[in-house]
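The values are calculated or read from the model by the stated rules, or taken from the named source; none is laboratory data. None of the values given here were measured: they were computed from a predicted structure. All Cβ positions, glycine included, derive from the backbone under ideal geometry; neighbour counts span all protein chains shown. Only protein heavy atoms, including side chains, enter the accessible area calculation; ligands, DNA and RNA are left aside. Shrake-Rupley method; radii C 1.70, N 1.55, O 1.52, S 1.80 Å.
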Amino acid sequence: MATSAFGQCNLLPRTTTVNPTQLHSPLYSLSLPFHRQSITSSPALSFTQSQGLGSAIERHCDRSDLFQTCAVRQLTGSVTSAKGHRFAVVVARFNDLITKKLLEGALDTFKNYSVREEDIDVVWVPGCFEIGVVAQQLGKSQKYQAILCIGAVIRGDTSHYDAVVNAATSGVLSAGLNSGTPCIFGVLTCDTLEQAFNRVGGKAGNKGAETALTAIEMASLFEHHLKA
């Protein structure tokens, strides 16, 4: 009987039967004492250690260890139709060559998903910095199922880019948290104008359309599963 860090252990001698014809093999020219100890730390884990040869962990599982997933509810929003839902779109006027195309993509998507024009309100603000406060007020009005926040920030020669991007990101996040209405981040943050154009109908698709799809899904999720 010996004691280790894991508790008491039984040291058991191990015997090996060797074929006499193998005694002249180099593999059996040296006989080493070999002991094995079995350490049990919990019902689910056992440790098997051989002196000089390291250790291995063996897991013994039974049916009680398995997760029962049959009762787990999975809540998702629907993107099949948004008929009857109201949406607001906050759009930054700065870089309007880009933001107008983002808005077009969003409006086309709403139309494809049965959102009526009279159920969409578009609010223009000077730039991305002002998006957050307007989105928050719209969300608090409880008139809309989701708010789209659309803008475009192109990197310039100064650190102004970083300040605006950080403010826009935190502003949209805060608007959603403070109002309880989903506020969807649709602000492009690009290094070049070419990157921006690629994301408003170019090879990277239209991010305004993607933002609208996200708004439809979140509106459905809140409407059907997350009502206060």
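Taking the criterion of being among the acidic types (Asp, Glu) and either in a strand (DSSP E or B) or under 22 Å from GLU223 (Cβ atoms) (or both), the residues of the stretch 96-130 that qualify are GLU117, GLU118, ASP119, ASP121. So which residues in the stretch 160-215 are assigned to a helix (DSSP H, G or I), open to solvent by 30 Å² or more (accessible area, probe 1.4 Å), among the polar types (S, T, N, Q) and farther than 27 Å from ASN112 by Cα? Across the stretch 160-215, the qualifying residues are ASN166, THR169, SER170, SER174, ASN178. Select from the stretch 87-112 the residues that are buried (at least 17 other Cβ atoms within 10 Å of the Cβ) and not hydrophobic (A, V, I, L, M, F, W, C) and write down the one among them that is farthest from the chain's Cα centre (by Cα). Restricting to residues being buried (at least 17 other Cβ atoms within 10 Å of the Cβ) and not hydrophobic (A, V, I, L, M, F, W, C), the top hit is ASN95. If you scan the stretch 216-227, which residues turn out to be closer than 15 Å to VAL89 by Cα and open to solvent by 40 Å² or more (accessible area, probe 1.4 Å)? Of everything in the stretch 216-227, just one residue is closer than 15 Å to VAL89 by Cα and open to solvent by 40 Å² or more (accessible area, probe 1.4 Å), namely MET218. A single entry from VAL153, VAL133 fulfils the requirement of being touching a Ser or Thr at 6+ places or on another chain (Cβ under 6 Å), farther than 20 Å from GLU223 by Cβ and hydrophobic (A, V, I, L, M, F, W, C): VAL153. Contact map, the stretch 113-134: first residue among the polar types (S, T, N, Q), second residue not in a helix (DSSP H, G or I), Cβ cut-off under 7 Å, separation 6 or more or different chains; pairs are SER114/SER81; SER114/ALA82; SER114/LYS83. In the stretch 70-97, the residues that are closer than 22 Å to ILE120 by Cβ form Cβ pairs under 9 Å with partners that are open to solvent by 50 Å² or more (accessible area, probe 1.4 Å) and modelled with pLDDT under 80, at six or more places apart or across chains, as follows: GLY77/HIS224; SER78/HIS224.
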